[in-house]
2 protein chains.
Amino acid sequence: MASEQSPNEAQVTHFKYSKRAVLKTVVGRPDSGLGLIGQRVVVGGWVRSSREFKKDEPKPNPGPKSGHGPKDITCVEVLQTRMPFLRSIIKVFGGDHRARDKLDNAIALPKPPQPSISILAISDGSCVANLRVVVDSDLAPPSQVMPTGTCILVDGVLQSPSLQDKEVIELKADKILHIGTVDMDRYPLSRKRLPLESLRDCPHFRPRTTTVASVMRIRNSLTQATHRFFQENGFLHVQVPIITNTNCWGPKNENTFHVTTLLDRTEKTDDQNPFDDFETVKLEIIKSSIQEKARKIEELKRSNSNKEALAAAIHDLKKTNELASQLEAKQRGKIGKSSQRTSRASDLPCLTVSGRMHLESYASALGNVYAFGPRFVANGPDSKKLLAEMWMAELEMAFSELKDSMDCAIDFLKFVCKWILDNCTEDLKFVSKRVDKLIVDRLQSIVSGPFEKISYTEAVEVLKQVTERKFETEVEWGVFLTEEHESYLTDEIYKKAIVIYNHPKELKPFNVRLNDDGKTAASFDIILPKVGTLIRGSQTEERFNMLITRIKEFGSDRKHYEWYLELRKHGHVECSGFSFVFDPLVMYATGINDVRDIVPFPRSFSIAQ
Amino acid sequence: MASEQSPNEAQVTHFKYSKRAVLKTVVGRPDSGLGLIGQRVVVGGWVRSSREFKKDEPKPNPGPKSGHGPKDITCVEVLQTRMPFLRSIIKVFGGDHRARDKLDNAIALPKPPQPSISILAISDGSCVANLRVVVDSDLAPPSQVMPTGTCILVDGVLQSPSLQDKEVIELKADKILHIGTVDMDRYPLSRKRLPLESLRDCPHFRPRTTTVASVMRIRNSLTQATHRFFQENGFLHVQVPIITNTNCWGPKNENTFHVTTLLDRTEKTDDQNPFDDFETVKLEIIKSSIQEKARKIEELKRSNSNKEALAAAIHDLKKTNELASQLEAKQRGKIGKSSQRTSRASDLPCLTVSGRMHLESYASALGNVYAFGPRFVANGPDSKKLLAEMWMAELEMAFSELKDSMDCAIDFLKFVCKWILDNCTEDLKFVSKRVDKLIVDRLQSIVSGPFEKISYTEAVEVLKQVTERKFETEVEWGVFLTEEHESYLTDEIYKKAIVIYNHPKELKPFNVRLNDDGKTAASFDIILPKVGTLIRGSQTEERFNMLITRIKEFGSDRKHYEWYLELRKHGHVECSGFSFVFDPLVMYATGINDVRDIVPFPRSFSIAQ
């Protein structure tokens, strides 16, 4: 295909659908482009760094690090770096925008006292390597092409490097086809090596940095590997719905986003108070949240959690109770009028938290199925690991038990890690150098190493025997294992990825199969060092009566799950599967420890508040 | 890999992650399983049809069509088909549920007067072909295993068929490992060959029918082909956000779903009226809808549309205006209190309608990128072609113009059509037989045939010359070409897929590049016979000032697009791309003409009302 590199080919391959050769097929070749010397090519990209040489000066032998050295800075650049200061002077002395424009023009179109050559390192995002482009000042003024971030499309000939340094080839520009200039004062990436957190303010520009570009290419490869694993094993991709009424954590809980077309609803109720529906929905949600909060308090009490947390939770519950009473009083006057519409309002759908329930119905017909798409959580701890919107892969297999999906999940993880080791060598090398030296080792350890498998009960026993460390949440059977417990197990005790299975049934959704002990559920979590829980799997409760009991125990109403229950009435089958959160794997594979830096446009929990 | 068929292999391959061989690797082999005779295998699936033979009766030679013949029906089956009648008699004569249970037990566990053999055709959804399974009544009573929809997992030996018919092999069951029974009275698929529209009531069961299963396997293949085309051409997959404030059709229009966490919002404003935000949002949306409606009326007037439509639109606008006045009056009393929060409320985000704007920022860094995920439209005509939730593939290329993305879109379409012709032979054969005989020809015509390319202006000229057909909307330059125009062009005039390019700028989003004529935009639509518009593409407006002008013309405020405008300030590039709606292609490839039948869980426009 057009964009793939072929090291033995003597010709440059121009990309089929744009007027240029992709740099991966030039400097990204195994020979770094050496075999292409002498060939004419059109390339495009954005300037990463630049230097300027006067034509009559001898060319210095630069060090291995390219970029501005103090000696290379021209008077234009000096002016450009002083622009904010000059602008502010004009402002202070009453200069209007015309004066400022004159200044801009003076800077933008300088008449250089002598001809010069701009040496640009450009990248088009297709690979780690930059291409050096040599532009004579006759073709384009250095002030226009040199600022970092400038977009340039040039026609020229590949030649041996004119400077003696690590570059293997360079492009001597003959013709400039396009320049997209940069307003250096305002361009957020003008400074070099910005820390990742300061790039979060400009998600639309940050893939122009080498690190984020590498992360995004690794992310792309992981997506591809995910589909490959499933397709090569005969799983069918099913597009489960995003807008839904089905939620494995109980209907309408506070963890979901609600979806509405406010306007349509109004048009249909324009002879009534158009806000009734919202009040009703709100009250219902608050009531279900009260149950949730009460349950949390019970949990905190059970787990001997710290007293502040408990007090805060009780205060929270009290406030919510008050609000519910106020709303109820308000509602009472409207009962007659709105009773018929209450049910419709309470059916306001949500953004899906998991596609596994829908997937199960397809597994109960097509056998082996998977989904891969966005999932949503509206509330969560303020953490570096969780966003409101995340991509998840989910899998469901008919005729399978817990062990089967555990094996499948482990193989899947090994497959995707091997895939990027094989396909992202250069990017991994770069992020190893820049972010975390250990990432290749860590990926390798997943591919080669066995996973430690322990039951939840065993994990609790192991953690209870820990004396050298005091955990914030005391470990006791029945307690939700937190990040600190998990990381102690993976990083300190086993020093590898672990699988914890058979959790207390209270800690898992109602549709996880109850084990024969009556206390634990057929579940498993795969936990990786450094990033925590990555995969959650389970065998599904296929027994009709047991599922009804579990729904009741969960405080839910079976009417929300009628279609799901029907799968147990007609041709039921043993099913198991797992869901895999995509983002932590990208973090594991890149060493980056904040999820906001590896998602193209991250959505925080406050997005829809 | 485990699930792939290998025709020369003598051994049955059991699937790695469940306790059975997938039927695709047994009856789905090119030799239909002949080479596997004599081998032991575990298979699972759901009963598609069944017959019973008494052991001492001679086996008849059945016709080519399997299924119940009048002679094959046993007394058990007679009783089972009469169940609703018997139940109703018991009810009429006052029998309580115990009496009904007794009846059920009598039917469910009949003592057959003589040993018999159940002949089941089972499918596990992995291929079109069923496997015949022979079950002795000693192993399982026919009443339990014979009903359509029963799930069964059996261990047995593959043998030559015991009946003389078209089957090549059958499985003689030795051991029954699992039975998932069916309540025949209530199972919606008990009757054979249900029309697709009656299956819409049970989306969770319908993949158990041969037609829907085939459609879903073709859908899976098309998904796979979509990723393959992009990846093989070096495009990087970018996960664009679902929850967003950016909308290429203007901010907060009536075509978007809104996302909110009602509960959180309440908790934060519990000392104020918690519904203020909604009222404000509602008012804002209503106001923007008024603008939209007024624009529509103008359009209707311009296009000399029929009078009923115009009258209805005017009535609609009047009602909306009244509502706005009422709400405004209500708001006026609260101004002081809520003014500060208005801006926050109006920032309530939406579900994305298109990912191309976000994608463009990645193209302006990584070059060639694509997205593939769910997109949402909250309002639309009640059509067989459009749902509120749909998957779309979107692509964006830096350094490219309109023609480039047109070429890419055509190649993409040829690639995916060829892919399913090569990879879904059996499924296409089946849906050809069952749904539409011409689908293979139609797919072939995309792969081999050139596309007719005409400008919008030419298309209008051609349609104006049509005399033998009166269109509901009269054709005139500037009018939106409707379904009837499009289908006349593809089905009657050109008799193939067409590309219409350079539409009037008013008919396309504001960010489509203005052509030099000042009237048309650099856009294209690819329209297929039978399904209509499938791909919409465009070159993006890269000129800062022009984009500002277009935003104004569009009646939008530039403050909603600041980040998007910044791409033009810093290193801008010529970009083009397209978006491809997935569902119509599935319809084209299967001949099914209602989108609700080819989407796993379809979401109509009324979902969130």
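The values are calculated or read from the model by the stated rules, or taken from the named source; none is laboratory data. Since the model is a prediction, treat every value here as computed from it, not as a measurement. Backbone-built Cβ (ideal geometry, glycine too); neighbour counts: all protein chains shown. For the accessible areas, the whole protein counts, side chains as well, though only heavy atoms, and no ligand, DNA or RNA atoms are used. Shrake-Rupley method; radii C 1.70, N 1.55, O 1.52, S 1.80 Å.
Remarks
- Out of A:489, A:547, A:514, sole residue that is among the hydrophobic types (A, V, I, L, M, F, W, C) and within 25 Å of residue A:466 (Cα to Cα): A:489
- Residue match in region B:500-507 (condition: of a type in the set (Lys, Arg) and more than 14 Å from chain A (Cβ to nearest Cβ)): yes
- In summary, residue A:423 fulfils each of the numbered conditions (1) surrounded by 19 or more Cβ atoms within 10 Å (Cβ to Cβ); (2) farther than 30 Å from residue A:503 by Cα with the single exception of condition (1).
- Any hit, region B:560-568, residues being within 25 Å of residue B:372 (Cβ to Cβ), open to solvent by 20 Å² or more (accessible area, probe 1.4 Å), outside any helix (DSSP H, G or I) and within 14 Å of chain A (Cβ to nearest Cβ): no
- Residue B:151 vs. criteria within 9 Å of chain A (Cβ to nearest Cβ), surrounded by fewer than 21 Cβ atoms within 10 Å (Cβ to Cβ) and out of contact with any Lys or Arg (no Cβ under 9 Å at 6 or more places or on another chain): no
- Of all residues in region A:364-411, those being touching a Leu at 6+ places or on another chain (Cβ under 9 Å), closer than 30 Å to residue B:14 by Cα and facing another protein chain (nearest Cβ under 8 Å) number 8.
- Flag not set for residue B:197, criterion: within 18 Å of residue B:127 (Cα to Cα), open to solvent by 50 Å² or more (accessible area, probe 1.4 Å) and either part of a loop (DSSP other than H, G, I, E, B) or not assigned by the TED database to the domain that holds residue B:38 (or both).
Yes/no per residue for (1) modelled with pLDDT of 90 or more; (2) at the interface with chain B (Cβ under 8 Å from one of its Cβ atoms):
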{"site": "A:205", "(1), (2)": "yes, yes"}
{"site": "A:226", "(1), (2)": "yes, no"}
{"site": "A:234", "(1), (2)": "yes, yes"}
{"site": "A:250", "(1), (2)": "no, no"}
{"site": "A:259", "(1), (2)": "no, yes"}
{"site": "A:263", "(1), (2)": "no, yes"}
{"site": "A:267", "(1), (2)": "no, yes"}
{"site": "A:276", "(1), (2)": "no, no"}
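- Looking only at region A:36-48, and only at residues there that are within 14 Å of chain B (Cβ to nearest Cβ) and either open to solvent by 10 Å² or more (accessible area, probe 1.4 Å) or aromatic (Phe, Trp, Tyr) (or both), the one that is farthest from residue A:184 (Cα to Cα): A:42
- Count of region B:511-539 residues which are among the charged types (D, E, K, R) and touching a residue at least 60 places away in the same chain (Cβ under 8 Å): 2
- Checked against the criterion of being acidic (Asp, Glu), outside any helix (DSSP H, G or I) and farther than 30 Å from residue A:126 by Cβ, the candidates A:486, A:468, A:458, A:492 yield just one match: A:468.
- Some residue of region B:135-146 being part of a strand (DSSP E or B) and either within 14 Å of another protein chain (Cβ to nearest Cβ) or surrounded by 20 or more Cβ atoms within 10 Å (Cβ to Cβ) (or both): yes
- Qualifying residue in region A:149-169 (condition: outside any loop (DSSP other than H, G, I, E, B) and free of Cβ contacts under 8 Å to residues at least 60 places away in the same chain): no
- Qualifying residue in region A:183-200 (condition: touching a Gly at 6+ places or on another chain (Cβ under 8 Å) and under 30 Å from residue A:38 (Cα atoms)): no
- Considering only residues in region A:430-482 that are of a type in the set (Asp, Glu) and exposed (fewer than 15 other Cβ atoms within 10 Å of the Cβ), the one that is farthest from residue A:402 (Cα to Cα) turns out to be A:468.
- Contact annotation: residue pairs with Cβ atoms under 6 Å, 6 or more positions apart or on different chains, pairing a residue in region B:472-500 that is free of Cβ contacts under 8 Å to residues at least 12 places away in the same chain with a partner that is open to solvent by less than 40 Å² (accessible area, probe 1.4 Å) and not in a strand (DSSP E or B), are B:482/B:473.
- Criterion: open to solvent by 20 Å² or more (accessible area, probe 1.4 Å), among the acidic types (Asp, Glu) and modelled with pLDDT of 55 or more - qualifying residue of A:72, A:56: A:56
- Scanning region A:160-198 for residues that are more than 12 Å from chain B (Cβ to nearest Cβ) and closer than 27 Å to residue B:561 by Cβ gives A:191, A:194, A:196, A:197, A:198.
- Matching option when the condition is in a helix (DSSP H, G or I), within 11 Å of chain A (Cβ to nearest Cβ) and among the β-branched types (Val, Ile, Thr), among B:586, B:573: B:586
- Residue match in region B:168-178 (condition: within 34 Å of the chain's Cα centre (by Cα) and either of a type in the set (S, T, N, Q) or open to solvent by 10 Å² or more (accessible area, probe 1.4 Å) (or both)): yes
- Residues that are open to solvent by less than 10 Å² (accessible area, probe 1.4 Å), part of a loop (DSSP other than H, G, I, E, B) and either more than 8 Å from chain B (Cβ to nearest Cβ) or in contact with a strand residue (DSSP E or B) (Cβ under 8 Å, 6 or more places away or on another chain) (or both), drawn from region A:592-601: A:592, A:594, A:598
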